[in-house]
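Enquirer: Below is the structure I would like to discuss, written out as structure tokens.
What follows draws every value from the coordinates through simple rules; no lab data is involved. Quick caveat: nothing in here was measured; it's all calculated off a predicted structure. Backbone-built Cβ (ideal geometry, glycine too); neighbour counts: all protein chains shown.
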Amino acid sequence: MAGHETHYTLPLPEFDKAPKLLIVVAPYYKDIADQLVAGACAEIEKVGGTHEVIEVPGALEVPTAIGQAHRMSNFDGFVALGCVIRGETTHYDTVCNDSSRAIALLGLQGACIGNGI
């Protein structure tokens, strides 16, 4: 039954050195984005990590910002956050597909990314 399913939660990792993470958020739906950022910050702090947060205009800009930071900064990993809500047009599909594809490609190129879009 769907109402009684339990979901597995990965144990928190342990690090020899505190990780430095960049959270990139698209705050188009600000109330939702703020909650996503708060949750990510709390989890990062639980493992002793540090973080910085930057905002970009929308979900399509998140991978670009992560790609630039990966090439030009010294972050150990990245968290992509945002909310895309389905409307009456196909824009939702484009934004979701293209942002997730770009994030996956960055991961394949060596960036450590958690995708929360």
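Enquirer: So which GluC sites (Glu not before Pro) in segment 14-117 end up in coil per DSSP with only 15 or fewer other C-beta atoms within 10 Å?
Expert: Glu14, Glu88
Enquirer: Still on this structure, I have one more. Springs between alpha-carbon atoms under 10 Å, Gaussian network over the chain: tell me which of Ala59, Ala69, Ala38 tops the mean-square fluctuations.
Expert: Ala38
Enquirer: Same structure, new question: Treating cross-link reach as a plain straight distance, find the aspartates and glutamates whose alpha-carbon is under 12 Å from the alpha-carbon of Lys17, omitting any fewer than eight places away in the same chain.
Expert: In chain and number order, the partners are Asp76.
Enquirer: First check a/c for segment 22-71, with a ≥ b ≥ c the square roots of the eigenvalues of its C-alpha gyration tensor; if it is under 1.5, answer rounded, and if not, answer prolate when a/b is larger than b/c or oblate otherwise.
Expert: Oblate, because a/c is 1.5 or more while a/b does not exceed b/c.
Enquirer: Under the rule a/c < 1.5 gives rounded, and otherwise a/b versus b/c splits prolate from oblate, where does the chain land using the Cα gyration tensor?
Expert: Oblate is the answer for the chain, as a/c is 1.5 or above yet b/c matches or exceeds a/b.
Enquirer: Select from Val47, Val25, Val62 the residue whose mean-square fluctuation is largest in a Gaussian network model of the chain (Cα-Cα springs shorter than 10 Å).
Expert: Result for the chain, Cα springs under 10 Å: Val47 fluctuates most.
Enquirer: Report, by chain and number, residues whose modeled amide H sits under 5 Å from the one on Gly77, excluding near sequence neighbours (fewer than 5 apart, same chain).
Expert: Lys20, Leu22
Enquirer: Also, quick follow-up: Leaving out same-chain residues fewer than 8 places away, which aspartates and glutamates sit with a Cα under 15 Å from that of Lys46?
Expert: Reachable aspartates and glutamates: Glu14, Asp16.
Enquirer: Determine the dipole magnitude for the chain: charges of +1 sit on the beta-carbon of Lys and Arg, -1 on that of Asp and Glu, nothing else is charged, the reference point is the Cα centre, and the result goes in debye to the nearest 20.
Expert: Working: 7 positive and 14 negative charges, 48 e Å.
So the dipole magnitude of the chain works out to roughly 240 debye.
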